[in-house]
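In what follows, a single structure is set out as structure tokens and then discussed.
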Amino acid sequence: MRFKRTCWSWHYLPRGGVRVLNEKVIRSIPVSDTVIESVAARELIELRRRELAYRSHATAPEVSGKTIILVDDGIATGSTMCAAVAALHKQRPVKIVVAAPTALRHSARRWERTWTK
């Protein structure tokens, strides 16, 4: 699998220090670098809070060399899933499988174009 393009959200900071920005969306708003950095700082605090609440002090599972299955209850824009895939991709799994019972048609098509097998 190769990552071909960035995700469609304007900003998302998943675990692992991966920041996903969509320049097209940022230009259309427009959003200043100061605002982006401010939002990123707040999101990082929230991310750390959630990790502590969900995982306590346990380390994250090792994904390198494994097949990872990401499941969501539904994909609207796909931005959250795309950010999760980008964060996992950085950790070098053998394969990432995305599963959802429902997705918007345009998001599903976009995913097909974004990721190669």
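One table, with the values for the structure above:
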quantity: Per-region count, the stretch 48-73, residues in contact with a strand residue (DSSP E or B) (Cβ under 7 Å, 6 or more places away or on another chain) and either polar (S, T, N, Q) or on the phi > 0 side of the Ramachandran plot (or both); calculated: 1
quantity: Residue identified as exposed (fewer than 10 other Cβ atoms within 10 Å of the Cβ) and either out of contact with any Asp or Glu (no Cβ under 9 Å at 6 or more places or on another chain) or at pLDDT 85 or above (or both) among K117, K66, K90; calculated: K117
quantity: In the stretch 1-41, the residues that are in a helix (DSSP H, G or I) and modelled with pLDDT of 80 or more; calculated: R27, S28, D33, T34, V35, I36, E37, S38, V39, A40, A41
quantity: Positions within the stretch 75-117 being in contact with a strand residue (DSSP E or B) (Cβ under 8 Å, 6 or more places away or on another chain), outside any strand (DSSP E or B) and more than 21 Å from R19 (Cα to Cα), in sequence order; calculated: V94, A100, T102, L104, A108
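The values are calculated or read from the model by the stated rules, or taken from the named source; none is laboratory data. If you're wondering where the values come from, they're calculated on a predicted model, not measured in any experiment. Positions of Cβ are generated from backbone atoms using ideal geometry, with glycine treated the same way; all protein chains shown enter the neighbour counts.
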